[in-house]
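Here the structure is laid out as structure tokens; the discussion comes afterwards.
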Amino acid sequence: MTAPTVPATRTAQALEARRKKTEDGLARIKDTLEQMIKARTPITMAAVARATDVSRTFLYEHADARSLVTEAMSQAAGRRVQDRVTAQAEIEASWRERALNTEAALKTAHAEILAQREQIADLLGQIRDLQTEWSQEDITRIITDNGALKKQVRELSTQHKSLTGKLAAARENVRFADKRIADLEVQLTEQNQDAT
């Protein structure tokens, strides 16, 4: 009477152990898939099997496991598409900003060029005005005065050089005289001490 209950108990225990192993495997698969999605790791059946320590057969044949992996693959694919869209948007924003900066710099350059052209035109007009105001006699007189001034500058430079040399010699003489005076004061002091 008791013999039939033993195999039933063992069978129940084996079924419970198998169910527990399946639940543990499914929990590991779920955790691993969440980590892979967060880390943006490529999701494949082989990668999931290695990371969760389950067989690929289990992933393909168990409906819940296959569903988890398929759903994670879809989610990862959607995230990859979103990442590409975001990256493309960032690149476009960067190029748009560069284009706006370049356009602003170009406007500034054009304004500066225009201002410089106006200044050049004004200066050329002033030169023409100056050329028309001076007669040939004025120009000759200015050239003569300029030559005389250059001659005076040369003469003053020569005088300056000569005076600088004389000043250096005078300073050397003063230093020598100061030294001689100091020596004489020492001699007088010694003679006064000897006399007393």
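Details
- Expected 222 nm ellipticity per residue - DSSP helices of 4 or more, -39500 (n - 2.57), all of the chain, to 500: -33500 deg cm²/dmol
- For the chain, the equivalent ellipsoid derived from the Cα gyration tensor has semi-axes of 106, 47, 9 Å, listed largest first.
- Seen from all directions on average, segment 92-196 presents a Cα convex hull projection of 19.8 nm².
- Accessible-area ranking of ILE37, ILE139, largest first, probe 1.4 Å: ILE139, ILE37
- If only the Cβ of Lys and Arg carry +1 and only the Cβ of Asp and Glu carry -1, the dipole of the chain around its Cα centre is close to 1480 debye.
- Unit charges on C-beta of K, R, D, E only; dipole of segment 93-154, Debye: 360 debye
- Stretching the chain fully between GLN119 and THR44 yields a gain of 19.9 nm (0.36 nm per residue, less the alpha carbon separation).
- The C-alpha atoms of the chain define a longest principal axis, and helix 136-195 lies at about 80 degrees to it.
- The heavy atoms of MET45 offer some 20 square angstrom of accessible surface to a 1.4 angstrom probe.
- The angle between the Cα long axis of helix 63-133 and the longest principal axis of the Cα atoms of the chain comes to about 20 degrees, rounded to the nearest 10.
- Each residue was assigned an accessible area with a 1.4 Å probe, and for ARG141 the value is about 120 Å².
- Ellipsoid semi-axes in whole angstrom, largest first, where each is sqrt(5λ) of the Cα gyration tensor of segment 115-175: 46, 19, 5
- Projecting the Cα atoms of HIS62, GLN13, ALA51 onto the charge dipole of segment 1-72, computed from C-beta unit charges around the Cα centre, puts ALA51 farthest toward the positive end.
- Note that segment 18-34 has calculated 3J(HN,Hα) couplings of 5, 5, 5, 5, 5, 5, 4, x, 5, 5, 5, 4, 4, 4, 5, 5, 4 Hz, one per residue in order, obtained from phi through the Karplus relation 6.51 cos²θ - 1.76 cosθ + 1.60 (θ = phi - 60°); glycine and proline are x.
- Based on the reciprocal of the average 1/r between different C-alpha atoms, the Kirkwood radius for segment 53-125 equals 17.8 Å.
- When nucleic acids and ligands are ignored and a 1.4 Å probe is applied, ASP178 ends up with an accessible area of around 90 Å².
- Multiplying the residue separation of HIS160 and LEU188 by 0.36 nm and subtracting their alpha-carbon distance yields 5.9 nm.
The values are calculated or read from the model by the stated rules, or taken from the named source; none is laboratory data. The structure presented is a predicted model; accordingly, all values stated were derived computationally and were not measured. Because the Cβ atoms are built from the backbone with ideal geometry, glycine has one as well, and the counts that use them run over all protein chains shown. Just so you know, the surface numbers come from the protein's heavy atoms only, side chains and all, with ligands and any DNA or RNA stripped out. Shrake-Rupley method; radii C 1.70, N 1.55, O 1.52, S 1.80 Å.
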